[in-house]
Amino acid sequence: MVPEEMPNGVTAMSSDQTGRMGVAIAELAGLRLGWIVREQPIDDQGIDAHFEDADYRELATGSVERRGTGRLIAAQIKGGSSWFDEPTARGWW
């Protein structure tokens, strides 16, 4: 996944750029599901982000309150196509 226009005619991204794009896409997907998304910036055995299910309720003031449920998913996020070379019964390698 390369942006349409890269500086100086570059046709590929660095692994850092690819990784950041993968995290951004995963964060957007979680937010669209209404989850709380917490990026894990410190290397913790490969966990890149935590996603938490959330409950929402409308307050008398008209604003919406969001509360985490405590149900968490720890995710290792991969952004480059090289991570999807070999499909297996349990995922990709």
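The values are calculated or read from the model by the stated rules, or taken from the named source; none is laboratory data. What you see is a predicted model, and the numbers here were worked out from it, not measured in a lab. Note: ideal-geometry Cβ built from the backbone for every residue, glycine included; neighbour counts use all protein chains shown. Keep in mind that these areas ignore ligands, DNA and RNA; they rest on the heavy atoms of the full protein, side chains included. Shrake-Rupley method; radii C 1.70, N 1.55, O 1.52, S 1.80 Å.
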Residue by residue through the stretch 59-69, the couplings from Karplus 6.51 cos²θ - 1.76 cosθ + 1.60 with θ = phi - 60°, in Hz, x for Gly and Pro, are 8, 4, 6, x, 7, 10, 9, 10, 10, x, 9
Kindly report, to the nearest 10 Å², the accessible surface of I42 as traced by a 1.4 Å probe over protein heavy atoms only. 120 Å²
Estimated FRET transfer efficiency when R0 is 35 angstrom, pair R67-R90 (beta carbons, to 0.05): 0.55
Scattering from the C-alpha atoms of the stretch 54-93 alone, worked out with Debye: what is log10 I(q)/I(0) at q = 0.19, 0.27, 0.31, 0.33 1/Å? -0.69, -0.93, -1.03, -1.08
In whole Hz, the Karplus estimates of ³J(HN,Hα) for the stretch 15-29 (6.51, -1.76, 1.60; θ = phi - 60°; x where Gly or Pro) are 4, 5, 5, 4, x, 5, 5, x, 5, 4, 5, 5, 4, 4, 4
